Amino acid sequence: MQYHALSLANQVFPFPSLSIFLFYPSNFMICYLVVRFFILCIPSNALQALLEVDIVAYGGSEPHGALLANPSIHLYIMKQWPTARQSLPRILILLLKPLVQFFTLLWFLCIKVPSPDIFIVQNPPSVPTLVAVKWASWLRNSSFVVDWHNFGYTLLGLSLGRNSHFVSLYKWFEKHYGKMADASLCVTRAMQHELAQNWGINATVLYDQPPDFFHPASLEERHKLFCRLNKELCQPLGFRDCVSNGTSLIGSHGQNETLFTNEVGPDIYLKRNRPALVVSSTSWTPDEDFGILLEAAVMYDRRVAAILGEDDSLDEDVVWKEISDGKQCLYPRLLFIITGKGPEKEKYEAKIKRLKLKRVAFRTMWLSAEDYPLLLGSADLGVCLHTSSSGLDLPMKVVDMFGCGLPVCAVSYSCIKELVRVDKNGILFSSSSELADELVMLFKGFPDECDALKILKNGALETSSSTRWATEWEEHAKPLINKARL
């Protein structure tokens with residue numbers, strides 16, 4: 001017995017996920033994924049899935065090395081929508097771009113890739129993806145399964161407004177072709193309820209899980225990562241800051257010292273006076289208000305100064321000299337590393353450069369698919385600013401953070417508690433002031449006496465070890481896929 005499945009996906013995270021490698025590609029790279037499953041009967045009568053994968057993608061970020069090295073995964077690169085055509089009137093782009101994508105997809109789905117028995121389509125994008133794949137399933141006599149990660153019309157509504165006629169038309173296509181699926185998966189119980197009540201679609205919940213290369217980093221892995229990133233870590237966005245001041249000699253005498261670690265002979269240890277490392281991943285788009293994080297950073301800086309009784313007129317040079325001289329403080333410096341690419345990055349970098357902060361610094365960078373999980377596994381806290389366009393999806397970035405045992409502060413919205421267990425593996429916030437309060441509370445006594453942060457860290461590690469993609473797939477997805485095939 002054998003069958004094939006095709007999965008199309010868009011905008012998940014900065015590299016393909018290999019436990020989902022059969023299923024979900026990465027953010028910043030629009031991928032159309034063809035997955036062919038070969039089900040083999042083995043002596044114990046159990047079923048084992050072996051996968052043959054064709055990825056048709058727009059060129060973008062380099063995929064994870066494990067994906068490139070896998071002989072069962074084959075990459076096809078499509079041409080990007082030409083940037084020169086962005087100067088066309090917006091209405092023409094809204095009409096022409098989907099048409100070009102539609103016929104390009106049909107070419108790949110009906111001619112270039114092997115004929116599948118089942119098409120699994122990750123939504124969004126909805127137009128023209130759902131239409132193209134449904135037509136291809138008719139032409140190739142295949143079953144059609146939709147994996148609902150969000151609603152495309154709500155994403156389009158962020159830029160055009162919910163009352164736009166294009167948004168209404170987009171929703172009609174999404175709902176009409178979504179109801180034509182032979183089976184459906186979705187990422188939250190809230191979305192499952194919405195699909196059942198208002199779309200007439202019965203979906204099975206399949207929670208995202210991190211691939212195995214997301215894990216807590218060892219001391220050696222941390223040290224090697226910080227050595228590779230040393231130049232970027234020591235280079236301030238502005239003139240100088242609490243991290244760059246006094247660190248010019250770090251790493252200049254071999255690769256034995258970084259901002260966070262020191263190597264002495266065979267031993268590596270974390271510096272006691274290191275900054276606390278906070279990581280946030282973003283696509284720098286309007287659905288993530290990065291101003292919240294900048295305001296929280298300013299508030300943390302001022303609140304710590306007030307708690308310590310510092311005069312507002314105290315120059316940051318005085319604080320930085322005390323730090324470089326090794327003075328211990330109840331509250332640490334914070335280094336925010338913001339990863340990702342996107343349209344609003346330069347705007348926020350300009351805002352960061354104008355900030356005058358004593359105990360907070362920012363770095364923006366783009367990491368390789370191999371280094372990004374190591375950064376999450378080396379950090380002290382993750383911050384998620386994702387606000388769902390529909391209020392019904394969950395941020396994959398938090399899933400990856402939990403895979404690395406990293407506790408999270410996340411923006412609160414309707415269904416986020418399906419992922420973040422408050423005071424167990426993370427905390428929620430609704431404003432910059434609440435986030436600032438949480439930073440002050442969590443990092444008090446850092447690095448050894450921050451008990452609240454340690455509790456969240458233990459909860460994130462427990463979340464990391466409790467469920468992985470293979471388990472979620474076997475329990476929820478594979479039975480549905482088998483049923484749809486039959």
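Structure above, values below:
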| item | result |
| --- | --- |
| Förster-model FRET efficiency, 45 Å R0, Tyr207 and Ser313, C-beta, rounded to 0.05 | 0.30 |
| Those lysines that a straight Cα-Cα span of less than 29 Å connects to Lys483, excepting residues fewer than 8 apart in one chain | Lys112, Lys134, Lys171, Lys175, Lys179 |
| Charge sum, other residues only, whose C-beta stays under 12 Å from Ser433's C-beta, Lys/Arg counted +1 and Asp/Glu -1 | -2 |
| Net charge of neighbours whose Cβ lies under 11 Å from the Cβ of Ala183, counting Lys and Arg as +1 and Asp and Glu as -1 | 0 |
| Sequence ranges 411-418, 371-378, ranked by mean other-Cβ count within 10 angstrom, highest first | 371-378, 411-418 |
| Karplus-derived HN-Hα couplings along segment 122-129 (A = 6.51, B = -1.76, C = 1.60, θ = phi - 60°), whole Hz, x at Gly and Pro | 7, 10, x, x, 9, 10, x, 4 |
| Under-5 Å amide H pairs with Phe119, H placed in peptide plane, nonlocal only | Leu6, Ser143, Phe144, Val145 |
| For Arg363, distant residues with modelled amide H under 5 Å away | Phe336, Ile337, Ile338 |
| For segment 219-466, diffusion coefficient by Stokes-Einstein and Kirkwood Rh (Cα), 20 °C, 1.002 mPa s, µm²/s | 116 |
| Highest to lowest packing among 106-119, 345-358, 308-321, scored as the average C-beta count within 10 Å | 106-119, 345-358, 308-321 |
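Read the figures in this text as sums done on the coordinates, not as results from a lab. It should be emphasised that the depicted structure is a prediction, and the values quoted were computed from it without experimental measurement. Here Cβ is always computed from backbone atoms with ideal geometry, including for glycine, and neighbour counts include all displayed protein chains.
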